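Below: the structure, in structure tokens.
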Amino acid sequence: MKVAFYSVHKFEREQLLLINNNKHDFLMLEVALSDATVGLALGCTCICIFVSDKASAVVLKECFSIGIRFIVLRSAGFNHVDVVAAHNLQIKLARVPEYSPYSVAEHSVTLMLALNRQLVHAHNRINELNFSLDGLTGFDMHGKTAGIIGTGKIGRQVARILRGFGCHILAFDVKEDESLVTETNVTYTDLRSLMSRSDIISLHLPLNAETKHIVSRESISWMKKGVMLINTSRGGLINTTDTVGALKSGHIGYFGIDVYEEEDGLFFQDHSQDILQDDVIARLMTFRNVLITSHQAFLTDTALHNIANTTIHNIDCFEQGITSGNELTV
Ligand code: NAI
């Protein structure tokens, strides 16, 4: 099958080509999918897209008009695709539902530890021959209460890791997982109770109409003063402007994010020569208790291998007209 890959990054190219082994005909494009770039896929029946590619209803219509019948997502999340519009056009979708929940869970805990023990500041000080410790005091994770919001594939791994540290774990999910309760002694509770009792809150939810801005001025007011808030899921879960206010007042004590609600066009790219236009992220970057990574939680060699493997499998299945089990439906 002839497949146009959009937003191809250096870090993923090698695995994709290696696993494909010239089976399918790949057109590797660095540009993002948009109405201006759809035409580059002319002659292909399938396109393969990344989280930063927006498959809106307009773009999907143009995809269909040039002969695209299959779209393969190199991601688990699919909030960047208008699934209903694709269904109406009879464009088939498949994603990578799971590639390494450990990669994202471990990055979430990396943010927690780096913020707590102020690793970035400590490292920068040492580079300047400042070996003093004043201002670097952290806290024991042991004995603290961690609230996990969303105990699916990633959230449950975060719970397991934090349990290993000796944290008490509270959880909130629309579907409670009894096996997690047995295994890690997690206590399920309602959202408000979790937020008001947790020292650390970590978000592991999909972004949808119900979860958008689950962290807002109101829910922040339920949280403990000095709480640590971590988000490796989707930026839209958090109202960033409200969070900036809570960082200014000291209500939020630590803020670690791998995703940002206005990350499109910013993350995944080198803007070091540009003038930063986003005043909200510019303000976030001024707080010494904020740590931002650029949507890299998934970025491990295991995850990249698994993403490439499932992606090629999904293309194989579309070509053969058989189910991969990874299809996205309405
Ligand atoms: P999952 O589908 O296994 O788990 C999500 C959990 O959220 C489920 O248990 C579900 O019941 C729960 N949930 C859904 N709606 C809810 C609601 N309204 N209230 C309470 N609970 C709700 O998903 P997984 O694999 O754990 O991924 C979580 C998120 O992590 C993804 O949706 C994606 O946005 C993000 N992600 C981020 C990556 C990164 O590199 N930063 C990489 C991969 C995923």
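The values are calculated or read from the model by the stated rules, or taken from the named source; none is laboratory data. Because the structure is a prediction, the values reported are computed rather than measured. Cβ sites come from the backbone with ideal geometry, for glycine too, and all protein chains shown count toward neighbours. The area values use the complete protein model at the heavy-atom level, side chains included, leaving out ligands, DNA and RNA. Shrake-Rupley method; radii C 1.70, N 1.55, O 1.52, S 1.80 Å.
Points worth noting:
- Any hit, region 315-329, residues being under 21 Å from ALA114 (Cβ atoms), open to solvent by less than 10 Å² (accessible area, probe 1.4 Å), modelled with pLDDT of 95 or more and not in a loop (DSSP other than H, G, I, E, B): no
- The residue that is surrounded by the most Cβ atoms within 10 Å (Cβ to Cβ), counting only those in region 111-146 that are under 22 Å from ASN231 (Cα atoms) and of a type in the set (Gly, Ala, Ser), is ALA146.
- Top-ranked residue in region 147-190 [being of a type in the set (A, V, I, L, M) and open to solvent by 30 Å² or more (accessible area, probe 1.4 Å); ranked as nearest to MET112 (Cα to Cα)]: ILE161
- Residue-level analysis places SER202 outside the set of residues that are surrounded by 15 or more Cβ atoms within 10 Å (Cβ to Cβ), closer than 21 Å to HIS295 by Cβ, touching a His at 6+ places or on another chain (Cβ under 7 Å) and of a type outside the set (Asp, Glu).
- First in region 106-134 and more than 19 Å from MET285 (Cα to Cα), second anywhere and in a helix (DSSP H, G or I) and open to solvent by less than 80 Å² (accessible area, probe 1.4 Å), Cβ under 6 Å, 6 or more apart: VAL109/ILE161
- Members of region 43-73 that are in a helix (DSSP H, G or I) and among the small types (Gly, Ala, Ser): ALA57, SER65
- For region 146-201, a residue qualifies if it is farther than 18 Å from VAL104 by Cα, aromatic (Phe, Trp, Tyr) and more than 22 Å from the chain's Cα centre (by Cα), and exactly one does: TYR188.
- Pair list, Cβ < 8 Å and 6+ apart or interchain, from region 184-202 residues that are over 8 Å from LEU170 (Cα atoms) to residues that are assigned to a strand (DSSP E or B) and hydroxyl-bearing (Ser, Thr, Tyr): ARG197/THR145; ASP199/THR145; ILE200/THR145
- Pair list, Cβ < 8 Å and 6+ apart or interchain, from region 136-163 residues that are over 21 Å from ARG192 (Cα atoms) to residues that are near the ligand (Cβ under 8 Å from one of its atoms) and among the acidic types (Asp, Glu): LYS153/GLU98
- Qualifying residues in region 234-250 (those that are in contact with a strand residue (DSSP E or B) (Cβ under 9 Å, 6 or more places away or on another chain) and part of a loop (DSSP other than H, G, I, E, B)) - the one surrounded by the most Cβ atoms within 10 Å (Cβ to Cβ): ARG234
- The residue that is surrounded by the most Cβ atoms within 10 Å (Cβ to Cβ), counting only those in region 59-78 that are out of contact with any Ser or Thr (no Cβ under 7 Å at 6 or more places or on another chain) and under 15 Å from PHE318 (Cα atoms), is LEU73.
- Within region 311-330, residues that are without any contact (Cβ under 8 Å) to a residue 40 or more places away in the chain sit with their Cβ atoms under 7 Å from residues that are open to solvent by 20 Å² or more (accessible area, probe 1.4 Å), at 6+ positions apart or across chains, in these pairs: HIS313/SER324.
- Meets criteria (touching a helix residue (DSSP H, G or I) at 6+ places or on another chain (Cβ under 8 Å), hydroxyl-bearing (Ser, Thr, Tyr) and either touching a residue at least 60 places away in the same chain (Cβ under 8 Å) or surrounded by fewer than 19 Cβ atoms within 10 Å (Cβ to Cβ) (or both)) for SER56: yes
- Scanning region 207-219 for residues that are over 19 Å from GLU263 (Cβ atoms) and either under 17 Å from the mean Cα position of the chain (by Cα) or open to solvent by 10 Å² or more (accessible area, probe 1.4 Å) (or both) yields a count of 4.
- Restricting region 251-303 to residues that are away from the ligand (no atom under 16 Å from the Cβ) and hydroxyl-bearing (Ser, Thr, Tyr) leaves a set whose member that is least open to solvent (accessible area, probe 1.4 Å) is TYR254.
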